[in-house]
Amino acid sequence: MEEACINEALTDDELRWILSKLESDKDKDIFGLVCKRWLHLQSTERRKLSARAGPHMLLKMASRFSRLHQLDLSQSLSRSFYPGVTDSDLAVIAHGFKSLRVLNLHNCKGITDNGMASIGSGLPSLQSLDVSYCRKLTDKGLSAVAEGCHDLRSLYLSGCRFVTDEILQGLAKNCRSLEKLCLNGCINITDSGLVDIVNGCRRISFLDINKCNNVGDIGVSSVAKTCSSSLKTLKLLDCYKVGDASILSLAKFCKNLETLVIGGCRDISDESVKSFAVACKNSLKILRMDWCLNISDSSLSCIFTQCRNLEALDIGCCEVVTDAAFQNLVNSEIESRLKILKVSNCPRITVSGIGMLLDKFKSLEYLDVRACPNITKMGCDEAGLVFPEYCKVNFSGSLCEPDVLV
């Protein structure tokens, strides 16, 4: 009986089905080594690619990976001396990768508005763009993206210091499906821009305006009211104009908020934090409020007793907080899910306070007690404190910090 060749017996669709069942990238690459036909199928079915390549290589990649959805050309900080992708590269990408949905150009410092114009005109199906720390970009280039990529869902602009409220107006007009927006360090963004963006983009679930120090209560309150049903993450690190009015608005409208960063917002007081804790007691998972100098024991006690699903908390440099913040834990039936707790630079918290929380925080994985003069490893040992089995205690700064609170 004559044996059938597998290439004669199986159609392209059947081979694609086999390829789809391979879970690891390594196995998929081995699949492509069988013959030219299998290599072609493996290449055209590939959806993700990370690379570092110039225009000629990008042309070859576009020809081979014709149905690519995700392309990562980001630069690491260790290669900060290298400009990475250039405008001419972006022209090749816009022409060759027509199916592209996700493009990561993080830290590619060589690109300019001309490159963004190519992306805007050539990739109408783009849904996610990361141009964080591409410091030459301005409203002009990014507006071209907004005008050409109407299906944009995520846009990351951290460190793009030249952008202003103008780009937010463009996004509000053209990208109504926007869900994630990162403006970390965009110092020219104001309340007016935030009002504009949420009036047009009402599905925003993730908003990072860390270090946008021209943003205040008007802008944040507008975000809270307009995106009340969708907002899950809000980051306001060092937005020193943000005060109680913002937090009270979040408490009133955003009952499903999961992550809130208000570190460095020094005008926020106990009144608004307690209202927020009660309002978001079932949803809140991550709360960062280091350097909130008006926060006291009453806020912390309320957070611990109300927010049963809280997983990470940073109260570093809240200098008036004392052991009394943990007192209500002693006789309560609270079963906390807290995994990360940072109390660094809290001079009034002692070993006794740490002992109180250890009885309830059985899931604790990381505890930061740096620069707490009344808490030392020797003192904890002498008090007989027993930390959870997998808990790392940072006494001196020698441990790597979790990035969940960044």
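Any read-out appearing in this document is the output of simple, stated calculations on the displayed coordinates, not a laboratory observation. Values in this document were obtained by computation on a predicted structure and should not be read as measured data. Because the Cβ atoms are built from the backbone with ideal geometry, glycine has one as well, and the counts that use them run over all protein chains shown.
Things worth noting here:
- Long-range HN-HN contacts of Lys392 with modeled amide H, under 5 Å: Tyr366, Leu367
- With a cut-off of 11 Å between beta carbons, the residues surrounding Leu385 carry a summed charge of -2, where Lys and Arg count +1 and Asp and Glu -1.
- Less than 5 angstrom separates the built amide H of Leu10 from none of the residues sequence-distant by 5 or more or on a different chain.
- Using alpha-carbon coordinates, inclination of helix 36-45 to the longest axis of the chain, degrees: 40 degrees
- Choice from Leu181, Leu168, Leu59 with maximal GNM fluctuation in the chain (Cα, 10 Å cutoff): Leu59
- Using θ = phi - 60° in the Karplus curve 6.51 cos²θ - 1.76 cosθ + 1.60, the 3J(HN,Hα) couplings for the stretch 287-294 round to 9, 10, 9, 5, 6, 8, 6, 9 Hz; x is entered for Gly and Pro.
- Links that overshoot a 27 Å alpha carbon limit, given the list Lys225/Lys362; Lys211/Lys285; Lys180/Lys285; Lys140/Lys255; Lys180/Lys241; Lys109/Lys339: Lys225/Lys362; Lys140/Lys255; Lys109/Lys339
- Estimated distance in nm for a label pair at Asp359 and Val278, the labels positioned 7 Å out from Cα along Cα-to-Cβ: 2.7 nm
- Mean separation of Cα contacts under 8 Å (6+ apart) over length of the stretch 253-321, as relative contact order %: 37 percent
- Proximal charge balance of Glu166 [Cβ under 13 Å; K/R count +1, D/E count -1]: -3
- With respect to the chain, whose longest principal axis is taken over its alpha-carbon atoms, helix 139-148 is tilted by about 60°.
- Each residue of the stretch 247-254 was assigned a 3J(HN,Hα) from its phi angle through the Karplus curve 6.51 cos²θ - 1.76 cosθ + 1.60 (θ = phi - 60°); the sequence is 5, 5, 5, 4, 5, 6, 10, 9 Hz, with glycine and proline shown as x.
- Spatially, the stretch 192-247 and the stretch 300-322 are offset by 22 Å when compared through their Cα centroids.
- Amide H to amide H distances under 5 Å link Gly216 with Asp191, where only residues 5 or more positions off or on other chains count and H is placed in the peptide plane.
- In the chain, Cα pairs under 8 Å separated by at least six residues give a relative contact order of 7 percent.
- For the stretch 302-321, backbone nitrogen atoms closer than 18 Å to the point 7 Å from Tyr240 Cα along Cα-to-C-beta are found at 317-319.
- The slack between Glu147 and Lys21, meaning 0.36 nm per residue of separation minus the straight C-alpha distance, is 41.5 nm.
- Loop exposure criterion: chymotrypsin sites (Phe, Trp or Tyr not before Pro), DSSP state outside H, G, I, E and B, at most 13 other Cβ atoms within 10 Å. Applied to the chain, the longest stretch between such sites is 82-389.
- The charge dipole of the chain, taken about the Cα centre with unit charges on the Cβ atoms of Lys, Arg (+1) and Asp, Glu (-1), comes to about 740 debye, rounded to the nearest 20.
- A simple spin-label model places the labels of Ser396 and Asn374 2.4 nm from each other, with each point 7 Å out along Cα-to-Cβ.
- Cα-based shape type of the stretch 47-152, given that a ≥ b ≥ c are square roots of the gyration tensor eigenvalues and the cut on a/c is 1.5: oblate
- Computed [θ] at 222 nm, deg cm²/dmol, the chain (DSSP H ≥ 4; -39,500 (n - 2.57); rounded to nearest 500): -10000 deg cm²/dmol
- On the basis of the beta-carbon distance and an R0 of 51 Å, Thr11 and Ala324 show a calculated FRET efficiency of 0.10.
- Selected from Ile354, Val215, Val261, residue furthest toward positive end of dipole (the chain; charges at beta carbon): Val215
- Placing +1 on the Cβ of every Lys and Arg and -1 on the Cβ of every Asp and Glu, with nothing else charged, gives the stretch 338-406 a dipole about its Cα centre of roughly 160 debye.
- Using the Karplus relation 6.51 cos²θ - 1.76 cosθ + 1.60 with θ = phi - 60°, the per-residue 3J(HN,Hα) values for the stretch 52-59 come to 9, 8, x, x, 5, 5, 4, 4 Hz, with x marking Gly and Pro.
- FRET efficiency estimate (nearest 0.05) - Cβ-Cβ, Ser99 to Asn213, R0 45 angstrom: 0.65
- Cα gyration tensor, the stretch 132-285 - rounded (a/c under 1.5), prolate or oblate: prolate
- Fully extended contour minus Cα-Cα distance, from Arg135 to Thr305, at 0.36 nm per residue: 56.8 nm
- Read-out Kirkwood radius over Cα pairs in Å, derived from the coordinates shown; its label in (1) 23.8; (2) 21.8; (3) 25.0: (1)
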